[in-house]
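Asker: Got a structure here, written out as structure tokens. Questions coming.
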Amino acid sequence: MILRILSSYATTRGWPYVLAWCHRIAGLLLIGYVWFHIYTLLSLSSPPRYDATMKFYGFFLFRILEWALAIPVIFHALNGGRLILYESFETRDDESMIRWLLWLSALYVALLGALMLIGNQSVSAVFFWLTMIIAGLTLAYGVASKVWAIQHSLLWKLQRITGAYLLILIPAHMLFMHLNYAMAHEANTVAMRMQNYFIKAVDISLAVVVLYHAGYGLVSFIGDYLESRTLRIGLAGLVILVMLLFAAVGIRLTLVI
């Protein structure tokens, strides 16, 4: 049914239109997940409660849903990369980019599934995240050098720059969390990793950048589809307040562990 609808819209309006809507829907799903993820991490203050929660989420159905989350994550990230290439680097070969987007998304989802099944891989957290941070900052700098001179607002430019940074960091985060089950599902292991000051800096940067990127995207979505200026301003203010609240909670949680 869903594939038939997508195929119909792709035929009548083109794949870029379909991907644009899928990008926004995936973004909305990921905003909900980020809020839920921060809320779940609050239980780290009580390790037995966190372990009990993770044990509950360890049931087969939740593991399938956890794996399925990789689909909107990698699609949103790679399609965002496609849009950056289109807007800032004047890459206009839509057909080729869409084909690469779909194939790379499928490859990532398959890789994550394999890692979840193996579940006993180990890697130095500092080495892994140092590599990813360097890659993310390099890509963000490349995008910044392209968009900085464009006649758009600073907030718009930061949205593109943070998108480039997250293109590396978010897929990397999911992979890291599933290299070994204990990395994200055992309170002592999670807390021990988060006590490293470099890892704290990485986690804080992710919280701030993700919530800014998500907040800007949600405010843009509201601005595109609501005609009432009063309602737009009110909802935008609410979004900003909620994002600031979750950012404060995430930063405090990272610092106190």
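Since every read-out is calculated from the coordinates, none of them should be taken as a lab result. Treat the numbers as computed from the prediction; the structure is a model and nothing was measured. Backbone-built Cβ (ideal geometry, glycine too); neighbour counts: all protein chains shown.
Asker: Zone of ASN196 (label point 7 Å along Cα→Cβ, backbone N under 20 Å): which residues in segment 121-163?
Answerer: Residues 121-138 fall inside that zone.
Asker: Let me ask another. Which value, in nm² and rounded to one decimal, describes the direction-averaged projected area of the C-alpha convex hull of segment 57-202?
Answerer: For the Cα atoms of segment 57-202, the hull's average projected area reads 9.8 nm².
Asker: As a test of the definition: which semi-axes, in Å, follow for segment 24-133 when you take the square root of five times each eigenvalue of its alpha carbon gyration tensor? Largest first, please. Please list the in-between numbers first.
Answerer: Values: eigenvalues 191, 54, 49 Å².
Ellipsoid half-lengths, sorted descending, are 31, 16, 16 Å.
Asker: In addition: Based on Cα coordinates alone, diagonalise the gyration tensor for segment 147-240, multiply each eigenvalue by 5, take square roots, and list the semi-axes in whole Å, largest first. Write down the numbers at each step before the final one.
Answerer: Working: eigenvalues 220, 55, 26 Å².
Gyration-tensor ellipsoid for segment 147-240: 33, 17, 12 Å.
Asker: A follow-up question, please. Among LEU155, LEU44, LEU169, which one shows the highest mean-square fluctuation when the chain is modelled as a Gaussian network with alpha-carbon springs under 10 Å?
Answerer: Ranking LEU155, LEU44, LEU169 by mean-square fluctuation puts LEU155 first.
Asker: Given segment 2-256, what whole percent of its Cα pairs are spread farther than 30 Å?
Answerer: 30
Asker: Using a Gaussian network model on the chain with a 10 Å cutoff between Cα atoms, which of LEU107, LEU42, LEU61 fluctuates the most?
Answerer: Per the Cα network of the chain with a 10 Å cutoff, LEU61 tops the list.
Asker: Among the lysines, which have Cα under 24 Å from the Cα of LYS146 when same-chain residues fewer than 8 positions away are ignored?
Answerer: Filter leaves LYS157.
Asker: For n ≥ 4 DSSP H runs only, could you compute -39500 (n - 2.57) per run for the chain, divide by its residues and tell me the 222 nm figure to the nearest 500?
Answerer: For the chain, the value works out to -29000 deg cm²/dmol.
Asker: Ok, one more. Which ³J(HN,Hα) values in Hz, rounded to whole numbers, follow from the phi angles of segment 152-158 under the Karplus curve 6.51 cos²θ - 1.76 cosθ + 1.60, where θ = phi - 60° and Gly and Pro get x?
Answerer: Ordered by residue, 3J(HN,Hα) equals 9, 5, 4, 5, 4, 5, 5 Hz.
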